[in-house]
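One structure is given here, and the rest of the page talks about it.
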Amino acid sequence: MTPTSVKRWIALLIGVATISAGVLTWRGGQIGSSASFNDRQSVGEQVDLDNAEVDVTIEAARHARQYDRYLAEYAVADGLDNDAEQLRTAGKPELADLAARQADQRRQAAETRANDAGVFGSLTLSDPHSAAPTTPRVFDLQERVHELRVLETTSLGSSGDLQPQKWADKSDRIRVRIRNLTYWVGLLLIAVVTLTAAEVTVSQQLRRSGLVFGVVCIGTAWIGALATGFAT
């Protein structure tokens, strides 16, 4: 290879390395926008989940207070039943019946109020024609919290599947790709510097060595970029 052809190849490779560095930089910026989108998605879903958790806590606390009131009403009803028994024992059936009716009304009112407040589930409906149970129903706070979380999460989106960590992981993987592309761009810039130095040197041996080194750098950079960051 003549000195003139070597210089022409060096000039061509300088252009190739420069353009390649520009392409890899462009690709890094392009996928960087996807990382920004994933970050916004992750933050948005995390905010939604945090707000939903606050709503669940407030709602569960309200249900717990309503259940305490429900138990208090049943305690009053039990007291009226005891009064009714004592009145019957004392030979006052009319007053006993009145106390018994008041006890039933207390229980019915407690059931209606608790159902309307959603204490036993949002799908529980009050039936004014059905008799209230004589003993209070059980209220499981942890189970109610779980139900409320499911309802809140489902209401946040059509899929009801909010996974902020998934978007954050995607963003991290994209940033790894961008970092890899940055390394290969750096290698291409080294090739540009080496080829430029080889072009201006007076030593034919150094010029040929610079040409070979530039070719190796450019080839390595493209192979590495395609393998670790350029492709999706």
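The values are calculated or read from the model by the stated rules, or taken from the named source; none is laboratory data. As the structure is a computational prediction, the values presented were derived from the model and not from experiment. As a convention, Cβ positions derive from the backbone with ideal geometry for all residues, glycine included, and neighbour counts pool all protein chains shown. For accessibility, only protein heavy atoms count, side chains too; no ligands or nucleic acids. Shrake-Rupley method; radii C 1.70, N 1.55, O 1.52, S 1.80 Å.
What net charge do the residues around GLU53 carry, taking every other residue with its C-beta under 12 Å from that of GLU53, with Lys and Arg at +1 and Asp and Glu at -1? Within the 12 Å Cβ shell, the charges total -4. Model label sites at HIS146 and SER203, defined 7 Å from Cα along the beta-carbon direction, differ in position by 7.6 nm. Carbon-plus-sulfur accessible fraction, segment 1-126 (probe radius 1.4 Å, protein heavy atoms only): 58%. Solvent-accessible surface of the chain, taken per residue with a 1.4 Å probe and all protein chains present: 60 Å².
Maximal additional length on extending the VAL76-VAL23 stretch stands at 11.1 nm, based on 0.36 nm per residue less the C-alpha distance. Computed over the alpha carbons of segment 2-118, Rg followed by Dmax gives 39.2, 131 Å. Neighbours of GLY214, meaning other residues whose beta-carbon lies under 12 angstrom from its beta-carbon, give a summed charge of +1 when Lys and Arg score +1 and Asp and Glu score -1.
Can you tally the net charge around GLY79? Count Lys and Arg as +1, Asp and Glu as -1, for every other residue whose Cβ sits under 13 Å from the Cβ of GLY79.
Once all neighbours under 13 Å are counted, the net charge is -3.
Ranking GLY219, LEU98, SER33 by Cα position along the charge dipole of the chain, where only Lys, Arg, Asp and Glu carry charges on their C-beta atoms, puts GLY219 farthest toward the positive end.
Two numbers describe the Cα atoms of the chain: Rg and Dmax, which are 38.5, 131 Å. Calculated mean residue ellipticity, 222 nm, the chain: -30000 deg cm²/dmol, from DSSP H runs (n ≥ 4) at -39500 (n - 2.57) each, averaged per residue and rounded to 500.
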